[in-house]
Amino acid sequence: MKILQVAAEMAPFAKVGGLADMTGSLPKAWTAGNHSVLPVLPLYGNIDRAKYGIEQTDMMITVPYGTWTEYATVFKGKIPGTSVDTYFLRSADYFDRPGIYGYHEGFVDNDRRFIFLCRAAFELARALNFKPDIIHGHDYHTAPLMPMLSVHYRSDPFFEHTASVYTIHNMAYQGVYDPQRAMEFCGFPPQDFFPGSWFEHNGAFNAMKAGIMFADKVTTVSPSYAEEIRWTEEGFGMQPVLQQRTTDLIGVLNGIDLHSWSPEVDADIAVPYNHSTLEKKTVDKRALLLLSGLSLAKAAEPIPLLGMVSRLTEQKGISLVADVIESFINSKRLRLIILGSGEKYFEDYFRGLAQRYPEYAFVGIGYSEPFSHRIQAGSDFLLMPSKFEPCGLTQMFAMSYGTVPIVRAIGGLNDTVQDFDTQNLAGTGIKFREFLADDLRNAIERALSLFQQEPAWTQIRRNAMEQDFSIERTAKQYAEVFNWAREKHQ
Ligand code: ADP
Ligand code: GLC
């Protein structure tokens, strides 16, 4: 099968969160499964071309845009360690600047930038003579691919048999655009925007809604989230729209790339270990404590280390952490390491916490791939008390490293973590249900006592490491959805 993948992020080239992990690892798995993938990404100004060997081709594509024509030059590079060619679109007007979305508020022309990416992707496929069986768009940024296929390209014999699949990674961001601008950039007749049309939601152009309505199949990143967005406020107003597509909406659980996220092969961590050499994990813990300046002298204290690697936003339950964590640190019952960035209020809170308890709390504000691996290897627990969580990858990374996740039972966290049962020693993590400080406090109490109990403590970590969250399983499920989508266009 030929898959055209278009997204705003793709690891390792341009990453903000889990979307990039998925779009970076799926093409590898599909290629290994004998599919042919064409991943397309903007050439953002801060993509490290030299590091990834990204080079300019002699292609320049012409992109019909609104009532005029624009251009993009085409660059090419391989996903590191693979033979998968990735194509990058360079446009001085839209992508040359540093940043993917624009920090904090977002760039004011994001509508124009991402609609351009969608239109250009079709033109690139044609220029490369890559006749896609599937166009796979991700999140609101590339949702306009779905109506573009129906309106502009379906009548073109080149795309006659192309089916479309739209994957929702996060319902909270929908691409709410000015209708006049968006319809014009997409090249759609303005009269097709009216109350109740497939482009309209609350009076605005809504890229997410258009993606959902026009796609042949809609997927989201876990079965639980597929339910929640239809029937609860997690749908962020899209519940009725998703209910209309109920029979075409499928939850495909994310997976992780075990070539990058396994303690056996991870080059960033102090000492490799596996399921049967779990005792070596304490060396990684000591190395992490040393690296982050938490008192090494006291590291032998039998208290657990809790890690977090996260965007610091309300979604991730950061306010709940802020409500409960200080009393545990103040009484020296645990250590905490956080790596993340996001809302200023949360960044300031955690900076203050680390200043008050320099031996017990370390907070790294920023982004570091190697440090995130060391936190996964060196922590005893990973804290992820999300308010909502479409899937979440960090809890899966944690389990792969024998680091026990403490999670709220929601979305993909609910689907990937089984609550530990001390009676029969089954389960892979600690779960709590309500988004309440008391519930998180109780969950941390359970974690502290589990940490002291053998054989339960060893067993839960072994159970976690035995889970199979491989991206290959996810890639196969997508291929099934793709085949199902194609039935309509054979
Ligand atoms: P989301 O996509 O909602 O942010 P996920 O758990 O799906 O949540 O994915 C987050 C991804 O981003 C993981 O790969 C995680 O390791 C990474 N990540 C988040 N914050 C940082 C950071 N500050 N430094 C390095 N990696 C980070
Ligand atoms: C989104 C979600 C996260 C998910 C990721 C990859 O960013 O917030 O839960 O794991 O996309 O699908």
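Hey, can you tell me all the residues within region 393-411 that are within 8 Å of ligand 2 (Cβ to nearest atom) and either basic (K, R) or open to solvent by less than 10 Å² (accessible area, probe 1.4 Å) (or both)? If the condition is that a residue be within 8 Å of ligand 2 (Cβ to nearest atom) and either basic (K, R) or open to solvent by less than 10 Å² (accessible area, probe 1.4 Å) (or both), then G411 is the only one that fits.
Of the residues G342, G378, G317, the single one that is modelled with pLDDT under 95 and open to solvent by less than 30 Å² (accessible area, probe 1.4 Å) is G342. At least 2 residues being out of contact with any Ser or Thr (no Cβ under 6 Å at 6 or more places or on another chain) and over 16 Å from H138 (Cβ atoms) is the threshold, and among the strands (runs of 3 or more DSSP E) wholly inside region 1-107 those reaching it are 55-65, 68-78, 85-90. Determine if region 441-451 includes at least one residue that is in the same structural domain as I325 (by TED's automatic domain parsing), within 22 Å of E228 (Cα to Cα), of a type in the set (A, V, I, L, M, F, W, C) and surrounded by 16 or more Cβ atoms within 10 Å (Cβ to Cβ). No, every residue in region 441-451 fails to be in the same structural domain as I325 (by TED's automatic domain parsing), within 22 Å of E228 (Cα to Cα), of a type in the set (A, V, I, L, M, F, W, C) and surrounded by 16 or more Cβ atoms within 10 Å (Cβ to Cβ). Criterion applied to E234, E279 was being within 16 Å of ligand 1 (Cβ to nearest atom) and either in a loop (DSSP other than H, G, I, E, B) or open to solvent by 20 Å² or more (accessible area, probe 1.4 Å) (or both), and the one residue passing it is E234. Applying the criterion of being surrounded by 20 or more Cβ atoms within 10 Å (Cβ to Cβ) and among the hydroxyl-bearing types (S, T, Y) to the residues of region 83-94, the residue that is farthest from L128 (Cα to Cα) is Y94. No other residue among D139, D111 is in the same structural domain as E9 (by TED's automatic domain parsing) and within 16 Å of ligand 2 (Cβ to nearest atom) apart from D139.
Of all residues assigned to region 29-48, none qualifies as being open to solvent by 40 Å² or more (accessible area, probe 1.4 Å) and under 16 Å from H169 (Cα atoms). If we scan region 468-490, do we find a residue that is touching a His at 6+ places or on another chain (Cβ under 6 Å) and either over 30 Å from E279 (Cα atoms) or free of Cβ contacts under 8 Å to residues at least 24 places away in the same chain (or both)? Looking for residues that are touching a His at 6+ places or on another chain (Cβ under 6 Å) and either over 30 Å from E279 (Cα atoms) or free of Cβ contacts under 8 Å to residues at least 24 places away in the same chain (or both), one finds at least one in region 468-490, hence yes.
The requirement of being more than 16 Å from ligand 1 (Cβ to nearest atom), assigned by TED's automatic domain parsing to the domain that holds V481 and among the aliphatic types (A, V, I, L, M) is fulfilled somewhere in region 21-34, by at least one residue. Counting residues in region 421-435 that are of a type in the set (A, V, I, L, M) and under 22 Å from V324 (Cβ atoms) gives one or more.
Picking from residues in region 122-172 that are away from ligand 1 (no atom under 16 Å from the Cβ), touching a Ser or Thr at 6+ places or on another chain (Cβ under 9 Å) and assigned to a strand (DSSP E or B), the one that is nearest to M238 (Cα to Cα) is Y166. So, T62, is that one under 22 Å from R119 (Cβ atoms), open to solvent by 40 Å² or more (accessible area, probe 1.4 Å) and assigned by TED's automatic domain parsing to the domain that holds F482 or not? The answer is yes for T62. Residues that are within 20 Å of the chain's Cα centre (by Cα) number at least 1 in the following helices (runs of 4 or more DSSP H) confined to region 395-490: 411-416, 471-486.
Checking P98, P80 one by one, the residue that is surrounded by 13 or more Cβ atoms within 10 Å (Cβ to Cβ), at negative phi and not small (G, A, S) is P80 and no other. Counting only helices (runs of 4 or more DSSP H) wholly contained in region 309-391, the ones carrying 1 or more residues that are of a type in the set (K, R) occupy 344-356, 369-378.
The values are calculated or read from the model by the stated rules, or taken from the named source; none is laboratory data. Keep in mind it's a predicted model, so treat the numbers as computed, not measured. All Cβ positions, even for glycine, are placed from backbone atoms using ideal geometry, and neighbour counts span all protein chains on display. Accessible surface is based on the protein model in full, side chains and every heavy atom, while ligands, DNA and RNA are left aside. Shrake-Rupley method; radii C 1.70, N 1.55, O 1.52, S 1.80 Å.
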